[in-house]
Amino acid sequence: MNNAEMLAIFDREVRRECEWTRMKREVLPNLVRYTETENPNGSGFVSWSALNEKNVDAAIEEQIAHFKSLSLELNWKVYTHDQPAHLDDRLLAHGFVADDAEALMVAGMDDLPADYWTMDVSAVSRITSPEEVDEIVRMESEVWTKNISGFARGMKYDLEHHPDHISVFAVWQDGRIVSAAWTHYLLSTSFATLWGGSTLKEYRKRGYYTALLAVRAREARERGFRFLQVDASPDSQPILAKHGFRCLGYSREFTFKEQRIEN
């Protein structure tokens, strides 16, 4: 399978057809959007759009009005192959703020290193309790030297209410979590999406990152998923490439912030 074929499957299954936990999916003529259902002060996002020069501004204005009426934050994820080519510029002009670009990294199960299926992963434990999630927050916040807790509420909710959609793993050393990563299983799709993968500085170069990748790959393959997907930072992209992941393009998330529209 070439990259274009894999990207087409990703666009169709993940961006257009996927059912996320805690989200309501709405399919409109030119876009697909999701709104959070479990948190009245939450957010929503546009996951896919097929716009053109004539309708792009009206579509953006419609989504701003819709999410404002629900008092939800609006995020819009733009990929490098999305049309029109200047969609990111139009979002900025309408008051959105851009996040850093991430690489869309995807691997088929046959692309992964052979030793994933045989290596010793006994250092990795499964996480199931809210208290253990709090330990992951503590580790992530220490790694990034800022409060990294935004994922915790949703992770705890899914572990309790949708355990078939998520798996969380960690490495414990010296009485605490020193490395962690998790998988969101996008049911009804071929994709398992990988998140996390942080390790405390003093515990790096011990193979924990690779062991966490291998554990998640094994489980995803056992469950019948065809692809692993990661939104990768510039630091993670070359590491994932060495593990058989292909770069299918780049994405940026745009968040709406109210301000005067500039034309």
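Computed from the coordinates by the stated procedures, all read-outs in this text should not be read as laboratory data. Predicted, not measured: the structure shown is a model, and the values here were computed from it. All Cβ positions, even for glycine, are placed from backbone atoms using ideal geometry, and neighbour counts span all protein chains on display.
What the table below lists for this structure:
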quantity	calculated
Alpha-carbon Rg with Dmax, taken over region 193-263, Å	16.6, 53
For region 113-243: relative contact order, % (alpha-carbon pairs under 8 angstrom, 6 or more apart)	25 percent
Ordering of 110-118, 13-21 by burial proxy (mean other Cβ atoms within 10 Å per residue, highest first)	13-21, 110-118
Rounded, prolate or oblate (a/c below 1.5 giving rounded, otherwise prolate when a/b exceeds b/c) for region 1-99 by Cα gyration tensor	oblate
Net charge of neighbours whose Cβ lies under 10 Å from the Cβ of ASP99, counting Lys and Arg as +1 and Asp and Glu as -1	-1
Relative contact order of the chain, pairs being alpha-carbon contacts under 8 Å that are 6 or more residues apart, as %	27 percent
Local electrostatic count, SER236, Cβ distance below 13 Å [Lys/Arg +1, Asp/Glu -1]	-3
Taking all pairs of distinct alpha-carbon atoms in the chain, Kirkwood radius in angstrom	19.6 Å
Region 1-156, relative contact order [Cα under 8 Å, separation at least 6], %	13 percent
Alpha carbon convex hull of region 36-84, projected area averaged over orientations, nm²	3.5 nm²
Separation between Cα centres of region 71-137 and region 1-60, rounded to whole Å	15 Å
Added length on full extension, which subtracts the Cα-Cα distance from 0.36 nm per residue, ASN52 to GLU222	57.1 nm
Shape metrics for region 152-223, restricted to C-alpha atoms - Rg then Dmax, Å	12.9, 40
Between helix 130-144 and the chain: long-axis angle, C-alpha atoms, 0 to 90°, nearest 10	80 degrees
Expected 222 nm ellipticity per residue - DSSP helices of 4 or more, -39500 (n - 2.57), all of the chain, to 500	-8500 deg cm²/dmol
Karplus 3J(HN,Hα) series, Hz, for region 222-232 with 6.51 cos²θ - 1.76 cosθ + 1.60 (x for Gly, Pro)	4, 8, x, 7, 8, 10, 10, 9, 9, 8, 9
Principal axis box of region 113-243, alpha-carbon based, largest edge first, Å	35, 34, 29
